[in-house]
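Q: This is the structure, below, for whatever I ask next.
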Amino acid sequence: MQTNFTPEQLADPDTRESNTILRTCVHCGFCTATCPTFVLLGDELDSPRGRIYLIKDMLESGRPAGEAEVRHVDRCLSCLSCMTTCPSGVHYMHLVDHARRYIEETYTRPWPERALRRLLGATLPYPRRFRLALAAARLAQPLRGLLPARGTTARRLRAMLELAPARLPAGNEAQRPQVHPAHGPRRGRVALLTGCAQTVLAPSINEATIRLLTRMGVEVVVTAGQGCCGALNHHMGQHDAAMALARANIEAWTREIDGEGLDAVVVNASGCGTTVKDYGFMFRTEPGPWPARAAAVAERARDISEVLLQFGYAPSREAPGLTVAYHAACSLQHGQKITTAPKQLLTRAGFAVKEPAEPHLCCGSAGTYNLLQPDIAAQLKARKQQNLARTGARVIASGNIGCLTQLGDGAMPAIHTVELLDWMAGGPRPAALPAA
C-alpha cells in the first residue's frame, strides 16, 4: 500500500510504525473472510482491510478522527484473526492500537459514552473497585426492566447488569503477595500475574495454577505491586493509564529478575498474556531503563499451557470419561499463536477433546467489547454457543476469563483449562463441573 506521510509526521515513532504496517498491506482481502464483524455485517468498512483504509486516511491527513472512523474502529474486536489469515504479515494489532489512541486524543465522544469509558477504565483494572461495582450492579439488577428498550446507553447499561454474576466467590490468601514454595526439589521459579477482574470473578483459576506448578516443583512468586496488565485501558485508547499499570508490573517483576531470578512470568488469562508479551514494543521509546526492563519481562512471559508442557505435566487420576469442547480464545490462538498446547494437555489429562466449527471466530467478549458493543457481542456469543453445543460435549474449556464469563451462561458450564488439569493432577473438582 502506498502511503504519503510527511517527514514531520514520520518523526513520531507511532506514526512511523503505522506507516511500515500500512505499506505491508497488499489489499488482498483474505482478512475479510475471517473477520467476525465482516462475517456478521457484510460491510467492507467493518473488515480489517476497510479499517486499514480509514486509519490510513485519518493518520495521513492529520485531521481529528471523524464519526465514521470511530464507529468502524470501535466495532473491531481486536481478535487478531486477520493477523493469522494475512499472507503479508500485516501487524494489524499495533496499527489499530495506534488508531484507538489517536481517536481518544482527537475525537470528542458523546458525554454518556465518555462517562462509561472512564468508569470502565477506572473500575475494571482494580479488584476492590470492581468488586464494589459488581455488588452495586447486583442491587440494580431488579431495575433492569425500567431501562428504555432502545438507545445505545440503555443497551450498554443492560449488558453490564446482565453480566454481573449472582454471587461472587470470596477472596483468598493465595493471590496475596507471597512465595509459594515448590514441592520437593525446586525445578524452576516463576512469577504469576494474578490479574484484576479474574481475581474477583474466579480466584479458583489462580489457586489451581499455583497448586499445579508447585506440585510440579516450580516455585511461584506473587509479587507485591503487580496488578492489571493494562490491556483493558490499552484497547480503549487510554494510553497513559495502560502504561502506568504496565510500568507497575515491570517494576515488580524486575525486582525478582534482578534478585533470585525468574524462569518465566506466567499468565493464565490469555488476553493479558498477549499484552504482557508486547511490553517490549509498548515501552520501546520510553526513556531510561524502561525499554530494557520491558523487553526482559516480555521475553519471559508465558501462557500457563506453555509452562505446563515445559515442566512435563502429567495426571495422577484416572481418565474421567468426560468430553470437553475446547474454545480457543482469540488472544491465545491469534495473539500468541498458541493453538495446540491446551488441547495436548487436556488430552494428556484424559479428556476427550472436541473443537467446534468456526474456531477462529471470536465469542464476542474481547475485554470490554461485550459492554461497549452489546448487540454485535450477543450475536457472536449465540453463534459460538451453538457451535460449542453441536460438539456434544458436556463442558467448555478455555484459557481466558473473558471468554469464560461470556460463554458460561449457556447449556454447558465454561471452565478454565488449568482447573481441569489441576483436578486430574490431584486438585479439587471444579465447582462448575456437572455432578454426573
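The values are calculated or read from the model by the stated rules, or taken from the named source; none is laboratory data. Fair warning: this is a prediction, and the values are worked out from it, not measured in the lab. Every residue, glycine as well, gets a Cβ built from its backbone with ideal geometry; the counts of neighbours run over all protein chains shown. When the accessible area is computed, the model is the full protein with side chains, heavy atoms only, and any ligands, DNA or RNA have been set aside. Shrake-Rupley method; radii C 1.70, N 1.55, O 1.52, S 1.80 Å.
Q: Using a 1.4 angstrom probe on the protein heavy atoms only, could you order 306, 219, 162, 251 from most to least accessible area?
A: On the way: 306 60, 219 25, 162 110, 251 85 Å².
Correct descending sequence by accessible area is 162, 251, 306, 219.
Q: Follow-up question, since we're still on this one. If I measure Cβ to Cβ between cysteines in the chain, which ones have no partner under 4.7 Å?
A: Among the cysteines of the chain, those whose Cβ sits 4.7 Å or more from every other are 25, 28, 35, 76, 86, 363, 403.
Q: Stick to Cα atoms and the Kirkwood definition of Rh, then tell me Rg/Rh for segment 343-430. Write down the numbers at each step before the final one.
A: Details: Rg = 13.4 Å, Rh = 13.6 Å.
Answer for segment 343-430: 0.99.
Q: I would also like to ask the following. Can you tell me the orientation of helix 152-163 relative to the chain, as the angle in degrees between its alpha-carbon axis and the longest Cα principal axis, to the nearest 10?
A: Approximately 10 degrees, to the nearest 10.
Q: Among the lysines, which fall within straight-line cross-link reach of residue 277, defined as a Cα-Cα distance under 28 Å, with same-chain neighbours fewer than 8 residues apart omitted?
A: 56, 337, 343, 381, 384
Q: Okay, next question. Per-residue counts of other Cβ atoms within 10 Å, averaged by peptide: what ranking do you get for 175-184, 54-63, 409-418, highest first?
A: Details: 175-184: 14.0, 54-63: 17.7, 409-418: 21.0.
Top of the packing list down: 409-418, 54-63, 175-184.
Q: What are the radius of gyration and Dmax of segment 28-80, computed over its Cα atoms and given in Å?
A: For segment 28-80, the Cα-based Rg and Dmax read 10.9, 31 Å.
Q: In addition: Can you give the helix-only mean residue ellipticity at 222 nm for the chain, where every DSSP H stretch with n ≥ 4 adds -39500 (n - 2.57) and the sum goes over all residues, rounded to the nearest 500 deg cm²/dmol?
A: Dividing the helical sum by the residues of the chain leaves -14500 deg cm²/dmol.
Q: Which angle from 0 to 90°, rounded to the nearest 10, does the C-alpha axis of helix 111-123 make with the longest principal axis of the chain?
A: That works out to roughly 30 degrees.
Q: Another question, then. Less than 13 Å Cβ to Cβ from residue 338, Lys/Arg counted +1 and Asp/Glu -1: what total charge do the surrounding residues give? Intermediate values should be presented prior to the final figure.
A: Details: positive: 277, 302, 337, 343; negative: 303, 306.
Neighbourhood net charge equals +2.
Q: In nm, to one decimal, how far is the modelled label at residue 240 from the one at residue 257, with both set 7 Å along Cα→Cβ?
A: Placing both labels 7 Å beyond Cα along the Cβ direction yields 2.6 nm.
Q: Using mean Cβ contacts within 10 Å as the protection proxy, how do 96-102, 397-403 order, highest first? If you can, show how the numbers build up before the last one.
A: Numbers: 96-102: 22.4, 397-403: 27.9.
Output ranking for 96-102, 397-403: 397-403, 96-102.
Q: Give the distance, in whole Å, between the Cα centre of segment 154-168 and the Cα centre of segment 199-266.
A: 27 Å
Q: Which sequence of 200, 353 reflects their accessible areas, 1.4 Å probe, from the largest down?
A: On the way: 200 5, 353 45 Å².
Per-residue accessible area, sorted high to low, gives 353, 200.
Q: Right, another one. Of all beta bridges DSSP finds with both residues in the chain, what is the antiparallel percent, to the nearest 5?
A: Working: 3 of 23 bridges.
Of all bridge pairs located within the chain, approximately 15 percent are antiparallel.
Q: Also, I was wondering about something else. Against the longest principal axis of the chain, how steep is helix 203-215, in degrees 0 to 90 to the nearest 10, with axes from Cα atoms?
A: With both axes taken from Cα atoms, the answer is about 60 degrees.
Q: Classify segment 195-348 as rounded, prolate or oblate, taking a ≥ b ≥ c as the square roots of the eigenvalues of its Cα gyration tensor: rounded when a/c is under 1.5, otherwise prolate if a/b is larger than b/c and oblate if not.
A: Prolate, because a/c is 1.5 or more and a/b exceeds b/c.
Q: If you roll a 1.4 Å probe over the heavy atoms of the protein chains, what accessible area per residue do you get for segment 346-413, in Å²? All intermediate terms of the calculation are to be shown ahead of the outcome.
A: Numbers: 2460 Å² over 68 residues.
Accessible area per residue, segment 346-413: 36 Å².
Q: Let me ask another. How big is the gap, in Å, between the Cα center of segment 8-40 and the Cα center of segment 66-123?
A: Cα centres, segment 8-40 to segment 66-123: 13 Å.
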